[in-house]
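Trainee: Sharing a structure here in structure tokens format.
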Amino acid sequence: MDYLHRKFILLLSTGLLMVEYFPTIQDKLKNSNIEDVGSLITTAKSNSLAESKVDGMINGKEYLIKATLIGESKESNNDNVEQTYIHESTGETFLLGTNIDRKANHIEVPTILQYPELPNGCEITSLTSVLNYYGINVSKTIMADDYLPQVPFKYENGKKTGPNPHKAFAGNPRHLKGGWYVFADPIVKSAKDVIDRYEMNLKVENVSGSTQEEILSYIDQNIPVVIWVTLDLSPPIKRGGWYIEGTNEFHSSFINLHSVVLEGWEAGDVHIIKK
């Protein structure tokens with residue numbers, strides 16, 4: 001079984017990829033047994049991972065691949081791409097690039113402001129907005145007080161110690177001074193806990209490390225995404241920090257970190273809820 005991998009995550013929700021394979025003129029010149037250059041050999045539709053699997057391709061032969069985005073009506077549209085391909089069975093995948101335009105989309109996520117109760121609670125406030133969007137009627141303060149893992153700072157032998165932000169919020173989000181930040185995993189845990197509490201059929205996951213296309217694909221599916229940015233979209237700045245409790249590892253702290261909800265895309269611009 002041979003694989004064609006089309007890395008275009010828009011297909012996860014908006015349709016299927018139909019791929020058509022044709023022998024090319026160059027292949028005809030090299031392989032006289034091919035009678036009909038340009039005749040369709042086979043078609044395939046992508047799965048939910050934007051992958052297509054096909055049989056019968058021959059090593060060393062050149063094919064013309066035509067890819068078409070199929071909409072929800074299962075009819076193809078004019079968003080096509082063509083690319084030649086020489087088949088080699090030793091290669092696991094063939095990546096097919098596209099220029100299919102992303103359609104504008106805006107998700108109506110409720111706006112919740114972190115102030116005044118949570119001056120350093122942008123992450124949990126962003127999560128609360130998303131939970132409210134999915135029908136979980138919970139407040140930002142309940143989320144911060146009852147669901148967000150928090151570890152206070154301490155001083156041990158003259159050293160400031162605190163949590164690993166990948167495991168807990170550093171300090172208290174209610175405090176203007178002494179409240180810092182948290183990364184994705186504790187926010188995911190908070191979401192899972194409240195989803196279980198409300199017995200909702202929802203899934204939450206940490207997709208850190210995703211590409212821009214992969215992140216925007218969630219917007220295509222009307223799935224808002226909590227993202228970490230900086231306050232003015234400038235490069236991250238580190239100053240000071242603390243030792244991770246129970247270790248000799250020093251965590252250099254970010255001083256301009258911020259978390260927002262990505263809720264839309266249009267004409268190359270993204271829409272966010274800034275808390």
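Trainee: Which of the residues spanning the stretch 190-233 are more than 22 Å from Trp265 (Cβ to Cβ) and hydroxyl-bearing (Ser, Thr, Tyr)?
Mentor: Matches in the stretch 190-233: Ser190, Tyr198.
Trainee: Taking the residues in the stretch 224-245 that are without any contact (Cβ under 8 Å) to a residue 24 or more places away in the chain and in a loop (DSSP other than H, G, I, E, B) as candidates, determine which candidate is nearest to Asn157 (Cα to Cα).
Mentor: Ile237
Trainee: With respect to Ile255, is the statement that it is of a type in the set (A, V, I, L, M, F, W, C), surrounded by fewer than 14 Cβ atoms within 10 Å (Cβ to Cβ) and closer than 30 Å to Lys154 by Cα true?
Mentor: Spelling it out, it is not the case that Ile255 is of a type in the set (A, V, I, L, M, F, W, C), surrounded by fewer than 14 Cβ atoms within 10 Å (Cβ to Cβ) and closer than 30 Å to Lys154 by Cα.
Trainee: Right, next: Listed residues Leu118, Leu176, Leu148; which is loosely packed, with under 13 Cβ neighbours inside 10 Å and either touching a residue at least 40 places away in the same chain (Cβ under 8 Å) or not hydroxyl-bearing (Ser, Thr, Tyr) (or both)?
Mentor: Only one candidate qualifies: Leu176.
Trainee: I need the full set of residues from the stretch 142-174 which are in a strand (DSSP E or B) and either in contact with a strand residue (DSSP E or B) (Cβ under 6 Å, 6 or more places away or on another chain) or among the hydrophobic types (A, V, I, L, M, F, W, C) (or both), in order please.
Mentor: Listed by number, the residues that qualify are Gln150, Val151, Lys154, Lys159, Lys160, Thr161, Gly162, Phe169, Ala170.
Trainee: From the list Thr111, Thr98, Thr125, pick out the single residue that is buried (at least 17 other Cβ atoms within 10 Å of the Cβ), modelled with pLDDT of 95 or more and of a type in the set (S, T, N, Q).
Mentor: So the residue among Thr111, Thr98, Thr125 that is buried (at least 17 other Cβ atoms within 10 Å of the Cβ), modelled with pLDDT of 95 or more and of a type in the set (S, T, N, Q) is Thr125.
Trainee: Say we look at the stretch 193-206 and pick out the residues that are closer than 15 Å to Val225 by Cα and surrounded by 12 or more Cβ atoms within 10 Å (Cβ to Cβ); which of these is nearest to the chain's Cα centre (by Cα)?
Mentor: Restricting to residues being closer than 15 Å to Val225 by Cα and surrounded by 12 or more Cβ atoms within 10 Å (Cβ to Cβ), the top hit is Asn206.
Trainee: With respect to Gly209, determine if the residue is at positive phi and under 22 Å from the mean Cα position of the chain (by Cα).
Mentor: Answer is yes for this residue.
Trainee: Among the residues of the stretch 175-190, write down those that are assigned to a loop (DSSP other than H, G, I, E, B) and under 15 Å from Val151 (Cα atoms).
Mentor: Of everything in the stretch 175-190, those that are assigned to a loop (DSSP other than H, G, I, E, B) and under 15 Å from Val151 (Cα atoms) turn out to be His175, Lys177, Gly178, Gly179, Trp180, Tyr181, Val182, Phe183.
Trainee: To continue, here is another question. Kindly list the number of the only condition in (1) touching a residue at least 40 places away in the same chain (Cβ under 8 Å); (2) surrounded by 16 or more Cβ atoms within 10 Å (Cβ to Cβ); (3) under 24 Å from Thr111 (Cβ atoms) that fails for Gly135.
Mentor: In the conditions (1) touching a residue at least 40 places away in the same chain (Cβ under 8 Å); (2) surrounded by 16 or more Cβ atoms within 10 Å (Cβ to Cβ); (3) under 24 Å from Thr111 (Cβ atoms), Gly135 misses (2) alone.
Trainee: Conditions first: (1) exposed (fewer than 15 other Cβ atoms within 10 Å of the Cβ); (2) over 19 Å from Gly135 (Cβ atoms); (3) hydroxyl-bearing (Ser, Thr, Tyr). Ser217 passes all but one, so which condition is the exception?
Mentor: Of (1) exposed (fewer than 15 other Cβ atoms within 10 Å of the Cβ); (2) over 19 Å from Gly135 (Cβ atoms); (3) hydroxyl-bearing (Ser, Thr, Tyr), only one is false for Ser217: (1).
Trainee: Pick out the one residue from Asn137, Asn157, Asn120 that is touching a Pro at 6+ places or on another chain (Cβ under 7 Å), assigned by TED's automatic domain parsing to the domain that holds Val188 and of a type in the set (S, T, N, Q).
Mentor: The conditions single out Asn120.
The values are calculated or read from the model by the stated rules, or taken from the named source; none is laboratory data. Small disclaimer: the values here were computed from a predicted structure and weren't measured. A quick note on method: Cβ atoms are made from the backbone with ideal geometry, for glycine too, and the neighbour counts reach across all protein chains shown.
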